[in-house]
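What follows is a set of notes on a single structure, which appears directly below.
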Amino acid sequence: MYGSIQQQLQKQLEEVREQGLEKRERKIQTPQNARVLVAEREVLNLCANNYLGLADHPRIVAAAKQALDEWGFGMASVRFICGTQTIHHQLEQKLSDFLGMEETILYSSCFDANGGLFETLLTDQDAVISDSLNHASIIDGIRLCKAQRFRYKNNDMHDLEEQLKQAESARFKLIATDGVFSMDGYFANLQSVCDLAEKYDALVMVDDSHAVGFVGENGRGTHEHCDVMDRVDIITGTLGKALGGASGGYTSGRKEIIDWLRQRSRPYLFSNSLAPPIVAAAIEALDFLSEDKSQIQKLKENTTFFRTEIEKLGFTVLPGEHPIVPIMLGDAALANSMADELLERGVYVTGFSFPVVPKGEARIRTQMSAAHSREDLQFALEQFAAVKAELGL
């Protein structure tokens, strides 16, 4: 039987390669940081989600090491059987306090948090209204539930209102949106989302994976940035980006919502508890943020500098203030070839193309980090300029 499917898969893989759409994994030979070793060469890393530079920070590493000695390597169980340590509750409380929410529940990833949310809360009597550019995990989570599904154009409040009108007969309505749309670096218009939610009696859910830790005055996320901290009902997020960069996710929200997720959310009930070293490192990351905002400020300065200077070089950059800085190229093969040329010159970036982004909107998504020095970013700009000239752009 495998012979037929093998031939089909080989054909599909070859088509992807010919179209320049193949996703290749480069092997990093060092810890994650502003500079990493790839193929025995040190290169500047401009494509990690290491926003605050904590992935290899001594405080975070030390906390993880200590947790190995104190709490062990893993739990070998799910939470409700024998997989809950006191540090799991400690992290959940710290996240709740940091985000300004009532309760928090931990997951092995934000993908699981989103996958276990919608079918747990909503039935065929309800409706979910989702932004068209939401993350794949939200899309998959919605597919698992039986609720009526409505989709509105990205950040289009007029269309959101139209979809809410279409959903008016539903028992419960839930608006789902990314806080930051990760391919573009755009913020959701949460003020208007919350206004419409109140007008049409809907709940608001935000996946804030690309914001928590560094967006907003205190790094709490887009709900702080948009001044709606008391108007969002559910926040999902990750520990795998700004808050240490390992893995793990969470859902924070109203107490009864979180309590029900503990009873019925399948990824939570049937997945091993988050490993103690990750839990302890995330606690340390939150403590770090409560004591020192300098990394947030440095990230903002790096972002402003790079955005300003890359535009001066004549590149088309999506506007904004987020550390995600997408350099728009249009053609998938061009995005991949530019990424290859930059790597040869010591800058590690990745080309993004369909199906990760719409056809015709291929790009190189650069991402700033507080770990980058001004010299790092100046070096990157020089290499972008050189490759631009080399490719005749």
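The table below lists the values:
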quantity: Residue that is most open to solvent (accessible area, probe 1.4 Å), among those in the stretch 19-46 that are at pLDDT below 95 and in contact with a Phe, Trp or Tyr (Cβ under 8 Å, 6 or more places away or on another chain); calculated: Arg26
quantity: Subset of the stretch 205-240 [buried (at least 24 other Cβ atoms within 10 Å of the Cβ) and aliphatic (A, V, I, L, M)]; calculated: Met205, Val206, Ala211, Val212, Val215, Val232, Ile235, Leu239
quantity: Filter pass, Leu68 being farther than 27 Å from Phe354 by Cβ and crowded, with 17+ Cβ neighbours inside 10 Å; calculated: no
quantity: Among (1) touching a Leu at 6+ places or on another chain (Cβ under 7 Å); (2) under 24 Å from Val212 (Cα atoms); (3) surrounded by fewer than 23 Cβ atoms within 10 Å (Cβ to Cβ), the one test that Ser132 misses; calculated: (1)
quantity: Some residue of the stretch 74-93 being over 23 Å from Ile278 (Cα atoms), open to solvent by 50 Å² or more (accessible area, probe 1.4 Å) and hydrophobic (A, V, I, L, M, F, W, C); calculated: no
quantity: Selection status of Ala167, within 13 Å of Ala197 (Cα to Cα) and either surrounded by 21 or more Cβ atoms within 10 Å (Cβ to Cβ) or of a type in the set (Asp, Glu) (or both); calculated: yes
quantity: Filter pass, Thr86 being farther than 24 Å from Gly179 by Cβ and of a type outside the set (A, V, I, L, M); calculated: yes
quantity: Breaking point among (1) within 21 Å of Lys241 (Cα to Cα); (2) open to solvent by 40 Å² or more (accessible area, probe 1.4 Å), for Thr303; calculated: (2)
quantity: Thr104 being of a type in the set (Val, Ile, Thr) and either in contact with a Cys (Cβ under 7 Å, 6 or more places away or on another chain) or surrounded by 20 or more Cβ atoms within 10 Å (Cβ to Cβ) (or both); calculated: yes
quantity: Criterion (of a type in the set (A, V, I, L, M), buried (at least 16 other Cβ atoms within 10 Å of the Cβ), within 26 Å of Glu361 (Cα to Cα) and under 21 Å from the mean Cα position of the chain (by Cα)) met by exactly one of Ile324, Ile283, Ile296, Ile310; calculated: Ile324
quantity: Every residue from the stretch 169-183 that is at pLDDT 95 or above and either farther than 30 Å from Thr304 by Cβ or of a type outside the set (S, T, N, Q) (or both); calculated: Ser169, Ala170, Arg171, Phe172, Lys173, Leu174, Ile175, Ala176, Asp178, Gly179, Val180, Phe181
quantity: Hey, Glu382 outside any loop (DSSP other than H, G, I, E, B), open to solvent by 30 Å² or more (accessible area, probe 1.4 Å) and within 19 Å of Asp56 (Cβ to Cβ) or not; calculated: no
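The values are calculated or read from the model by the stated rules, or taken from the named source; none is laboratory data. Note that the coordinates shown come from a computational prediction; the quantities given were computed from them, not determined experimentally. Note that each Cβ is placed from the backbone with ideal geometry, even for glycine, and that neighbours are counted across all protein chains shown. Side chains are part of the model used for accessible areas, which takes the heavy atoms of the whole protein and leaves out ligands, DNA and RNA. Shrake-Rupley method; radii C 1.70, N 1.55, O 1.52, S 1.80 Å.
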